[in-house]
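Below you'll find the structure, written out as structure tokens, and then a few comments.
The values are calculated or read from the model by the stated rules, or taken from the named source; none is laboratory data. Keep in mind that what you see is a predicted model, and the values were worked out from it rather than measured. Cβ placement follows ideal geometry from the backbone for every residue including glycine, while neighbour counts extend to all protein chains displayed.
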Amino acid sequence: MSYSGAPPRSCPGRSLSSTDVRKSADFSCMQTVSPMGRSVRDEMTEQARLDPEVGAELDRLRPFEEVARRIIRLRLDHGLSQEALAERVGTTKSAISRLESGQHVPNLATVERIAAAFGGHVEITFHVPAVQRAATPV
């Protein structure tokens, strides 16, 4: 992939705002390594370090992106297009596309329907630190 023309809002070499992070759907320039020799992950980490608002927005989007990655992986592992998955789930391709973008809050009912479409189910796990209980006198 070559890099030419004016950089989209999300391109390395331009400062990102939280609005850019939230609204950017054009990842055409987000290669593994940018033209300047830095990975996109490194660039995003740097932007988050420089601008706490960008960092907060990236943190807010992280769980949605994780759900998106898992849905994409499931769909690709079964050789399905977004349209085919949407048909299986009983929704629209645009709904699957929005979910896979990682930019929207996933609806639990939709995620459950996706799992059911493959004969599976959703499991929710909480990873929290252990609670230190005070010793009670006997």
Task: Qualifying positions in segment 87-103 - surrounded by 15 or more Cβ atoms within 10 Å (Cβ to Cβ) and in a loop (DSSP other than H, G, I, E, B) - done: 91, 102, 103
- [ ] Collect the residues in segment 99-113 that are within 16 Å of residue 69 (Cα to Cα), among the hydrophobic types (A, V, I, L, M, F, W, C) and at pLDDT 90 or above, keeping them in residue-number order.
- [x] 99, 108, 111
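Can you tell which of 124, 72, 114 is under 26 Å from residue 56 (Cα atoms) and either part of a helix (DSSP H, G or I) or aromatic (Phe, Trp, Tyr) (or both)?
72
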TODO: Within segment 42-65, work out how many residues are under 25 Å from residue 96 (Cα atoms) and surrounded by fewer than 17 Cβ atoms within 10 Å (Cβ to Cβ).
DONE: 6
Open item on the list: Being surrounded by 12 or more Cβ atoms within 10 Å (Cβ to Cβ), more than 13 Å from the chain's Cα centre (by Cα) and either more than 21 Å from residue 120 (Cβ to Cβ) or aliphatic (A, V, I, L, M) (or both) is true for just one of 68, 84. Which residue is that?
Closed with: 84
- [ ] Write out, first by first residue and then by second, each pair whose Cβ atoms fall under 9 Å of each other, whose residues are 6+ apart or on separate chains, and whose first residue, in segment 108-135, is within 15 Å of residue 95 (Cβ to Cβ) and not assigned by TED's automatic domain parsing to the domain that holds residue 71 while the second is surrounded by 13 or more Cβ atoms within 10 Å (Cβ to Cβ) and of a type in the set (Ser, Thr, Tyr).
- [x] none
